[in-house]
1. Please work out whether region 122-277 counts as rounded, prolate or oblate from its C-alpha gyration tensor, where a ≥ b ≥ c are the square roots of the eigenvalues and a/c under 1.5 means rounded, while otherwise a/b larger than b/c means prolate and anything else oblate?
2. In region 309-352, which residues have a backbone nitrogen under 11 Å from the label point lying 7 Å from Val15's Cα in the Cα-to-Cβ direction?
3. Which of the peptides 414-420, 404-410 is most tightly packed, and how do the rest follow, going by the mean number of other Cβ atoms within 10 Å of each residue?
4. Starting from the Cα of Ala352, step 7 Å toward the Cβ, then list every residue of region 298-328 with an amide N under 20 Å from that point.
5. Just to make sure I understand: if all protein chains stay in place, what is the order of Ile69, Ile390 by accessible area at 1.4 Å, largest first?
6. For Asp14, what accessible area in Å² do you get when you roll a 1.4 Å probe over the heavy atoms of the protein chains, rounding to the nearest 10?
7. Under a point spin-label approximation (7 Å from Cα along Cα-to-Cβ), what is the Ala209-Leu105 distance to one decimal in nm?
8. Rounded to the nearest 10 Å², what accessible area does Leu72 show when all protein chains are kept and the probe is 1.4 Å?
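The values are calculated or read from the model by the stated rules, or taken from the named source; none is laboratory data. None of these values were measured; they are calculated from a predicted model. Note that we place each Cβ from the backbone using ideal geometry, even for glycine, and neighbour counts take in every protein chain shown. Note: accessible area is taken over every heavy atom of the protein model, side chains too, but ligands, DNA and RNA are not part of it. Shrake-Rupley method; radii C 1.70, N 1.55, O 1.52, S 1.80 Å.
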Amino acid sequence: MVCDMTDNENAKIDVDAWLPITSSRNAKWWYSAFHNVTAMVGAGVLSLPYAMAELGWGPGVTIMILSWIITLYTLWQMVEMHEVVPGKRFDRYHELGQYAFGEKLGLWIVVPQQLTVEVGVDIVYMVTGGKSLKKFHDLVCPNCKDIKLTFFIMIFASVHFVLSHLPNFNSVTCVSLAAAVMSLSYSTIAWAASAVKGVQANVDYSYKASTEAGKVFDFLAGLGEVAFAYAGHNVVLEIQATIPSTPEKPSKHPMWKGVVVAYIIVAICYFPVAFIGYWAFGNKVDDNILLSLEKPFWLIAIANMFVIIHVIGSYQIYAIPVFDMLESFLVKKMRFTPCLRLRLITRTLYVAFTMFVAICFPFFGGLLSFFGGFAFAPTTYYLPCIMWLIICKPKRFSLTWIINWICIVLGVLLMILSPIGGLRSIIISAKNYQFFS
C-alpha cells in the first residue's frame, strides 16, 4: 500500500497545509485575474464562430451577450458566498454545496458535475493541444511525412506529466500568466486575420443543415458550445481560497476586482472572434477558427503555438481541483499518508487517463457542446442561483428572486437541450473514425 497511515501519524500531519487548494493563501488580486482568464478563455473561444454558424446572427448575438451577463452575475454570487458564514471560508465548490443542500446531498449534487466539467475540460484540452500541435507541424513543414494526431496528443500530454506535479495554484502562477497572455494574443490573431481576409466569396449565413431536424440539432449543439466557453465558475472558489482574508479585508474584494478585469478580457476575446469569424466565413467556418485561417501561414502557425501554451496552463488550472479531490479522498477517507509518492502516482495516472480518452475520442466540436450542456450549464448558469436562494433567502418576488429564477429556468433548458446536439455531432463524427488514427 502506498504510504499507509497510522492514527498517530495522522494527528501530526496538517492535511489542509498539504492539499493543493489550501496549502498557500498569499495570492494577490491580479493572480485571480489571470487565473480566471486562463480558466475561462480557452478551447471554447476558437469554436465560437462555429457556434454562431449553428445559431445564426440574431439568436447567436443574443445568446452570446446574455451568457456573458448571466455568468458574470452568477460568478459574483460565488465570490460573495465564499465567506457568507462569518469566520468560515468555503474553499471548494462542494463545500458550498454541502452548506446549501446538506452534507450528503450537497456532495452528490456538486461533486459529480464539477468532476465531469474539470475532467471533461482536460480531455478537450488534450484534443485541442494535440490538434494545434499537428496544425503547427503541418504549417511549418508541409512536405514532411504525415504524423497521426495520436502522437501529437501524446507529445502534448508529456508536458503535463511534468507540470502536474507542481503542488498548488500559486506554484503554477507563471504558467497561468503566460497562458492568459497567450489567450489574448491568439484571440486577437483570430479576429484580426479574419477581418483582414474579409468576407469570403459566396459566403452563406444560412443554416448549414439541409433538413429541419439537422438545423434543430445544430442549434442545440451551438448552445452547448457557448455554454462551454463560459466555464470559470468550476474553479472560482478554489482560486479565491488562495487569497488571504481577514474580517477587515475579506477575500471577496480583491477576488471580485480580479474577476471584473478577467471578464473585460473575456469580452475582448470572445465577441470579436465570434462575430468577425462568422462574418468572414459564414456557415463554412471550421469548429476551430484557426483551421479556417490558412494564410498567412506563419501567423497562423504562431497562433497555434499560442493556443498550445494557453491550453497547457488551462489544463493545470482545471486539474488542480481534481488533484485536491483525489488527494483529499485518499488521505482523509482511505487513510493514506500525504507524501510525494502518493502525489506522483495519483497525478500521473490522472494525466494518463485524460490522454487515453482524448486519443480515443478526438471529436472537438461534439465534445464541446456535449460537455457544455451536460455539466457546464448546471455549475455555471443555475447552481449558484439555487444556492443563493437557499443561503441568502431573498424576499419572494423581489428583483433578486426573479433574476435568479430566470437564470435557473434558462440554465435548466440549456442543460436538457444542448447535450442532444453534441451527442449527435459525436455520433456523426464517429461514423468514419478509426481508433488511434
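1. Numbers: a/c = 1.99, a/b = 1.36, b/c = 1.46.
Oblate, because a/c is 1.5 or more while a/b does not exceed b/c.
2. Counting only backbone N, you get 327-338.
3. Order by mean packing, descending: 414-420, 404-410.
4. Hits in region 298-328 for Ala352 at 20 Å: 316, 319-320, 322-328.
5. Values: Ile69 90, Ile390 65 Å².
Order by accessible area, largest first: Ile69, Ile390.
6. We get 100 Å² for Asp14.
7. It is 3.7 nm.
8. For Leu72, solvent-accessible area is about 40 Å².
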